[in-house]
Amino acid sequence: MAFEAGAALNARLVLLLANAVGDVPLVLAAIERARTAAPGQGRPQQGGPDQG
């Protein structure tokens, strides 16, 4: 899969999941947490943004 196709898939997935969650602050916190996570840290913990 080309980079552009992967990025487009990721964007669609984020939008679909954000719509399913329906909690804008929670979605924004999750995006920020994913953005600041160092590569190789492993999988993010499950739960809300205040459980990390």
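The values are calculated or read from the model by the stated rules, or taken from the named source; none is laboratory data. Since the model is a prediction, treat every value here as computed from it, not as a measurement. Note that each Cβ is placed from the backbone with ideal geometry, even for glycine, and that neighbours are counted across all protein chains shown. Note: accessible area is taken over every heavy atom of the protein model, side chains too, but ligands, DNA and RNA are not part of it. Shrake-Rupley method; radii C 1.70, N 1.55, O 1.52, S 1.80 Å.
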### Query
Any idea how far apart ILE31 and ASN10 come out in nm if each label point goes 7 Å out from Cα toward Cβ?
1.3 nm
### Message
Quick check: with the 1.4 Å probe, what order do GLU4, GLU32 take by accessible area, largest first?
### Response
GLU4, GLU32
